[in-house]
Amino acid sequence: MLKPSVELREEPGVLVAEFWDCLRMDPKPVVDLRMQFTQLSAKTGLKDLIVDMNGVEFSGSASLGGFLALSRNVKQAGGRMVFCNVDINVREVFQVSKLDAMFTFTECKATARKVLGLEAA
């Protein structure tokens with residue numbers, strides 16, 4: 001059985017989150033990401049976050065609530081959050097929930113880096 005998880009790592013100028021074994025996004029990895037972001041941001045001083053959704057094919061409303069809370073954490077830290085590699089079905093959940101306007105979406109991590117004012121890696 002798959003165990004959904006999230007990995008948050010430091011890349012030049014930004015923190016990057018990737019989800020593992022999360023074809024269907026459950027709330028727990030998003031909650032874990034919030035805690036990891038708070039800790040790693042305090043440790044590194046990095047405030048901006050790229051959320052790479054590569055491999056995630058579905059996200060329910062409970063996960064969206066977690067992303068809203070994460071977005072508040074990032075903004076309170078003085079950073080910005082950008083999603084990339086978002087599957088069309090996941091993006092549709094954001095749209096139907098009327099939350100897509102609250103987030104920034106890009107096609108890939110390189111574009112997300114540009115949106116944040118960083119050079120493409």
State which residue is modelled with the highest pLDDT when the search covers only segment 50-77 and only residues that are more than 16 Å from Val31 (Cβ to Cβ), in contact with an Asp or Glu (Cβ under 9 Å, 6 or more places away or on another chain) and of a type outside the set (A, V, I, L, M). Asp52
Which numbered condition in (1) buried (at least 17 other Cβ atoms within 10 Å of the Cβ); (2) under 19 Å from Val115 (Cβ atoms) is the only one that Met25 fails? (2)
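For segment 51-117, give me every one of the helices (runs of 4 or more DSSP H) that falls completely inside it and has 2 or more residues that are in contact (Cβ under 8 Å) with a residue 24 or more places away in the chain, among the hydrophobic types (A, V, I, L, M, F, W, C) and out of contact with any helix residue (DSSP H, G or I) (no Cβ under 9 Å at 6 or more places or on another chain).
109-115
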Those residues that are under 16 Å from Asn73 (Cα atoms), in contact with a Leu (Cβ under 7 Å, 6 or more places away or on another chain) and outside any strand (DSSP E or B), I need them from segment 1-43; list them, please. Val30, Leu33, Arg34, Gln36, Phe37, Leu40, Ser41
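The values are calculated or read from the model by the stated rules, or taken from the named source; none is laboratory data. Just so it is clear, the model here is predicted, and its values are computed rather than measured. Methodologically, a virtual Cβ is constructed for each residue, glycine included, from the backbone with ideal geometry; neighbour enumeration extends over all protein chains shown.
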